Amino acid sequence: MLNRIKLLFLATGLLLMVVGVKPVIAKVKADDSSVAPSSSTLARGTSVDGYWSDDAYSWNGWITNGCNFCTGDPSCQCFYSDSTNGSGIFQVNINQYTTMIWSQELDYSTYGLTTSGSLWNACYPASGEGEIDDIGGSAANTLTYATTGQLCVTPDGQNQTYTGSYIIDGGTGLYPDYQGAGTIGDAIYGRLPSEVVSQIQFNGNIVPPAPSPSPLPTPSPWAAVATPTP
């Protein structure tokens, strides 16, 4: 009897396969053709004319905003850097390095001070935005990003580091509306004089924007509505 049951199941399965019906336990491969694979990115650069600024009270009692994000706050300070007279290189996957122009602003509040290791080894939560332009020598190729992290004074009290993460929130040219994320690090040498040397490095990934999901169908206003039976 048991053998007959086994033969019956086997015959049923073969019949279903012949007519094109998949068994319930068969795994259906997800359609991933619409999702582009991400590419690794590496970028780094040098700034030779970075400078510090802040939001400060002016002679008439108004606050002069030297920073763009934490405005109207005397505790707000910021660091600007760019590749003017410096350098910048950009790489996708293992392709050849190409040039880029970059700029960045990091803002932080002195109210957020925490110590790390010693009383003069201060750290501050920081955030900012940046641009990568003229990638590969073409003004059409750009990327924009936002970053959050921590700005810390080194143990000798002379220099600063910024470590954080970034998210790509826009692009043009070869990178239209591209997305991506990764880590970012800055080495900032000195606080005075006003022109400060700094190094910057990005490690992450980049990918074309994911396709928008299809909108749900809109119900017809003339659709029949069932009337409850009294």
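Worth a mention:
A quick yes/no check of all residues on (1) aromatic (F, W, Y); (2) over 22 Å from G88 (Cα atoms):
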residue	(1), (2)
E105	no, no
Y108	yes, yes
S127	no, no
D134	no, no
S138	no, no
N141	no, no
Q150	no, yes
N159	no, no
L174	no, no
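- The residues of the stretch 123-138 that are more than 17 Å from the chain's Cα centre (by Cα) and open to solvent by 10 Å² or more (accessible area, probe 1.4 Å), listed by number, are Y124, P125, D134, G136, G137, S138.
- Test set (1) assigned to a strand (DSSP E or B); (2) under 20 Å from the mean Cα position of the chain (by Cα) - F69 fails condition number: (1)
- Y97 open to solvent by 50 Å² or more (accessible area, probe 1.4 Å) and without any contact (Cβ under 8 Å) to a residue 12 or more places away in the chain: yes
- Contact map, the stretch 145-173: residues that are acidic (D, E) paired with residues that are assigned to a strand (DSSP E or B), Cβ distance under 6 Å, separation 6+ or inter-chain. Pairs shown: D169/T144; D169/A146.
- Criterion (over 14 Å from the mean Cα position of the chain (by Cα), more than 25 Å from Y111 (Cα to Cα) and surrounded by 20 or more Cβ atoms within 10 Å (Cβ to Cβ)) met by exactly one of I188, I200, I168: I200
- Under the condition of being at pLDDT 85 or above, open to solvent by 30 Å² or more (accessible area, probe 1.4 Å) and on the phi < 0 side of the Ramachandran plot, the residues counted in the stretch 70-90 number 7.
The values are calculated or read from the model by the stated rules, or taken from the named source; none is laboratory data. Everything numeric in this text was worked out from a predicted model, so none of it was measured. Please note: Cβ atoms are built from the backbone with ideal geometry, for glycine as well, and neighbour counts cover all protein chains shown. Just so you know, the surface numbers come from the protein's heavy atoms only, side chains and all, with ligands and any DNA or RNA stripped out. Shrake-Rupley method; radii C 1.70, N 1.55, O 1.52, S 1.80 Å.
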